Amino acid sequence: MSKLILVSACLAGVNCRYNGGNSKIEEIAQLVNSGKAIPVCPEVLGGLETPRACSEIILDQEGLKVMSNQGEDLTHAFKEGARKTLEVVKALDINTAILQSRSPSCGFGKIYDGTFTGKMKKGNGFTAELLSQHGIEIYTDENFGEERNKEIEVRE
């Protein structure tokens, strides 16, 4: 019996992105619809509303923070969402995730650089980083897309 995969809810078609929309990928939605994946939005789990201000990770003298484009510090909500997502992963014994690229929560490998100009930098979103630290194998919508003809193998 294969285990569940965690997926960013927006990739499954849930309207939970900051702008109120989604980033649906049909193959990911089918994983959820077939009971092989569970959709989670760390930002909603952290208490943020939909829609919400666009946010990016910055580095200042206090460390990494998530700031909205309106200057609001949302770090606590992003940390809380990451923590709650990890609780879901542990409770369901999940070891694989497909996350929304570039996001300050789910981005893995590259994220927006904190200037709100569309520029990218190396790094991980808060949830992706926490899951990675706990041994979760992470794909994004970008590298999952390159692998559409191959089924993601869930480690037993």
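Overview of results
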item: Single match in Val44, Val66 (criterion: buried (at least 18 other Cβ atoms within 10 Å of the Cβ) and under 24 Å from Lys122 (Cα atoms)); result: Val66
item: In region 23-39, the residues that are crowded, with 18+ Cβ neighbours inside 10 Å and touching a Lys or Arg at 6+ places or on another chain (Cβ under 8 Å); result: Ser23
item: Gly125 modelled with pLDDT of 95 or more, of a type in the set (Gly, Ala, Ser), touching a Gly at 6+ places or on another chain (Cβ under 7 Å) and surrounded by 13 or more Cβ atoms within 10 Å (Cβ to Cβ); result: yes
item: Cross-chain or 6+ apart pairs with Cβ under 8 Å, region 109-121 first and of a type in the set (Asp, Glu), then at pLDDT 95 or above and in a strand (DSSP E or B); result: Asp113/Glu56; Asp113/Met120; Asp113/Lys121
item: Region 34-56 residues that are under 13 Å from Arg17 (Cα atoms), paired with ones that are among the basic types (Lys, Arg) (beta carbon under 6 Å, 6 or more apart); result: Leu45/Lys84
item: Qualifying positions in region 75-97 - within 15 Å of the chain's Cα centre (by Cα) and exposed (fewer than 15 other Cβ atoms within 10 Å of the Cβ); result: Glu87
item: Answer from Leu74, Leu59 - the residue that is over 28 Å from Gly35 (Cβ atoms) and modelled with pLDDT of 95 or more; result: Leu74
item: Residue match in region 4-14 (condition: surrounded by 14 or more Cβ atoms within 10 Å (Cβ to Cβ) and either within 20 Å of Phe116 (Cα to Cα) or among the charged types (D, E, K, R) (or both)); result: no
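The values are calculated or read from the model by the stated rules, or taken from the named source; none is laboratory data. All figures in this text were calculated on a predicted structure; none of them were measured in a lab. Neighbour counts run over all protein chains shown; Cβ positions are idealised from the backbone, glycine included.
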